[in-house]
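Peer 1: Pasting a structure here, questions to come.
The values are calculated or read from the model by the stated rules, or taken from the named source; none is laboratory data. Since the model is a prediction, treat every value here as computed from it, not as a measurement. Cβ placement follows ideal geometry from the backbone for every residue including glycine, while neighbour counts extend to all protein chains displayed.
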Amino acid sequence: MKKRVIGICLIGTILIIVGICTFYSSNKNTFIQDGVTYALTLDGASIDSFPAKGMYRVDVECSNATGKWLYDEWKLAIEDFTSNNITCDIDFTTISQTNLNNYITSLAGQTQGDGQIVNENGYRYEGKNPNNYIWFNNELWRIIGVFDSASHGQSGQNLVKIIRNNSLGGLAWNKSSSNDWSTSSLKALLNENYYNATDGTDSGNCYGNSTRVPSNCDYTSIGINDIYRSMVKNVTWYLGGSSDSATADAFYGYERGTTVYSGRPTSTTGYIGLMYPSDYGYSVLASSCARTTNLGSYGNSTCAGQSWLYGQGTEWTITPNSSDSNRMFYMGNHGGLHYNYAGNGYAARPVLYLDSGVYVVDGSGTMSDPYIIGM
């Protein structure tokens, strides 16, 4: 597999957004378009035009520039010009469809970067930096794992669950401080504005905390765009809680249980949610941090320091404290799991489930070579 350079580019008046790099090959038929000399092959045979969008892996190498193939838009983007004499060698290779969920489960037990995939109430990535990067919504996300209906409510389906690599900034879990996710301001902001890529600044849900509105919740450019929106499933989010921190195994049961504060629902539906405490608990390397460890005691190098989910600062989970009407569990800056008022402004990272029909096009899951997907 050839090295890919991830990036999006807009250079002067030239539209270019790239996917894979190319070096001109003189033994192929060539043609010139927009000042760039192209040499193309399809399954090793020379061709003189770009094929229609299909089941292809695309390898690009360019001389005097950097090229990247945009799978979703099915076009080449070019940047970093060093000369006007640009040549690009692009190879299209027919691939068979391998669904992402099946591909991930086939890696169970194998080393993945600084971690591995383990079967713990779902096929999950554990360790400090496993190869679980995925290119989604024209940015980096990370794969939490593959889960059955006990986690998302979609009968008979194994769905891939992913989390945005970076947070959207500090946001109140709920402007009213109530710990009911089904009516929370953050759920509305994520599912109405972020999911639909609209400006939520004046939506009534854009709060840095319960008393302060942040300057910007405009998701028109970073929200889920229409190409990727079709890949996102509307699923069940389980809202069972706990009165205190616990182990990963215990939290997994609590999250799907019926213990909630008086009158609170035990589940709701939506496209976008947040991680569960158990997602964080299972993300640490088990050989370094025993599964019998309470998540409240994760704040050290052997637990939080061996978790790929740790490192975004103080970050919300979706799970409430069941003995209180307005407190939520969050991952602390030092890695321990604690609870505090839902009106506080903590980091929020969108989490979603991909449609079971999403397939792997390319990539190895590293940060520089993330999984490229299609549907």
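Peer 1: With Ala150, Ala197 as the choices, which residue is among the hydrophobic types (A, V, I, L, M, F, W, C) and on the phi > 0 side of the Ramachandran plot?
Peer 2: Every option except Ala197 fails the conditions.
Peer 1: Using the structure shown, decide if Thr292 is modelled with pLDDT of 95 or more, in contact with a Ser or Thr (Cβ under 7 Å, 6 or more places away or on another chain), in a strand (DSSP E or B) and surrounded by fewer than 23 Cβ atoms within 10 Å (Cβ to Cβ). Give the steps one after another, and end with the answer.
Peer 2: On the way: modelled with pLDDT of 95 or more: yes; in contact with a Ser or Thr (Cβ under 7 Å, 6 or more places away or on another chain): yes; in a strand (DSSP E or B): no; surrounded by fewer than 23 Cβ atoms within 10 Å (Cβ to Cβ): yes.
No.
Peer 1: Shifting gears a bit: Among the listed residues Trp74, Trp69, identify the single one that is crowded, with 19+ Cβ neighbours inside 10 Å and either under 20 Å from Asp34 (Cβ atoms) or of a type in the set (Lys, Arg) (or both).
Peer 2: Among Trp74, Trp69, only Trp69 is crowded, with 19+ Cβ neighbours inside 10 Å and either under 20 Å from Asp34 (Cβ atoms) or of a type in the set (Lys, Arg) (or both).
Peer 1: Condition first: touching a helix residue (DSSP H, G or I) at 6+ places or on another chain (Cβ under 6 Å) and in a loop (DSSP other than H, G, I, E, B). Now tell me which residues in the stretch 258-273 satisfy that. I'd like the intermediate steps shown before the answer.
Peer 2: So the first thing to find is which residues in the stretch 258-273 are touching a helix residue (DSSP H, G or I) at 6+ places or on another chain (Cβ under 6 Å), and the list is 265, 268, 270-272.
Result: Pro265, Tyr271, Ile272.
Peer 1: Among Ser245, Ser221, Ser278, which is assigned to a loop (DSSP other than H, G, I, E, B), modelled with pLDDT of 95 or more, of a type in the set (S, T, N, Q) and buried (at least 16 other Cβ atoms within 10 Å of the Cβ)? Steps first, please.
Peer 2: Details: Ser221 fails: buried (at least 16 other Cβ atoms within 10 Å of the Cβ); Ser278 fails: assigned to a loop (DSSP other than H, G, I, E, B).
That would be Ser245, the only listed residue that is assigned to a loop (DSSP other than H, G, I, E, B), modelled with pLDDT of 95 or more, of a type in the set (S, T, N, Q) and buried (at least 16 other Cβ atoms within 10 Å of the Cβ).
Peer 1: Kindly list the number of the only condition in (1) crowded, with 19+ Cβ neighbours inside 10 Å; (2) in contact with a strand residue (DSSP E or B) (Cβ under 8 Å, 6 or more places away or on another chain); (3) of a type in the set (Gly, Ala, Ser) that fails for Gly208.
Peer 2: Among (1) crowded, with 19+ Cβ neighbours inside 10 Å; (2) in contact with a strand residue (DSSP E or B) (Cβ under 8 Å, 6 or more places away or on another chain); (3) of a type in the set (Gly, Ala, Ser), Gly208 violates only (1).
Peer 1: Of everything in the stretch 40-63, what is over 34 Å from the mean Cα position of the chain (by Cα) and modelled with pLDDT of 90 or more? Give them in sequence order.
Peer 2: Residues satisfying the conditions are Ala45, Ser46, Ile47.
Residues are listed down the side, and each one gets a yes or a no for (1) outside the structural domain of Tyr353 (by TED's automatic domain parsing); (2) in contact (Cβ under 8 Å) with a residue 12 or more places away in the chain; (3) touching a helix residue (DSSP H, G or I) at 6+ places or on another chain (Cβ under 8 Å); (4) closer than 15 Å to Tyr238 by Cα:
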| position | (1), (2), (3), (4) |
| --- | --- |
| Met275 | no, yes, no, yes |
| Asp279 | no, yes, no, yes |
| Leu285 | no, yes, yes, no |
| Gly296 | no, yes, no, no |
| Gln306 | no, yes, no, no |
| Leu309 | no, yes, yes, no |
| Gly313 | no, yes, no, no |
| Ile318 | no, yes, yes, yes |
| Met328 | no, yes, no, yes |
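Peer 1: Of all residues in the stretch 319-365, which are over 13 Å from the mean Cα position of the chain (by Cα) and hydroxyl-bearing (Ser, Thr, Tyr)?
Peer 2: Thr319, Ser322, Ser323, Ser325, Tyr330, Tyr339, Tyr341, Tyr346, Ser356, Tyr359, Ser364
Peer 1: I'd like the full set of residues that are assigned to a loop (DSSP other than H, G, I, E, B) and either outside the structural domain of Ser323 (by TED's automatic domain parsing) or in contact (Cβ under 8 Å) with a residue 60 or more places away in the chain (or both), limited to the stretch 248-257.
Peer 2: Arg256
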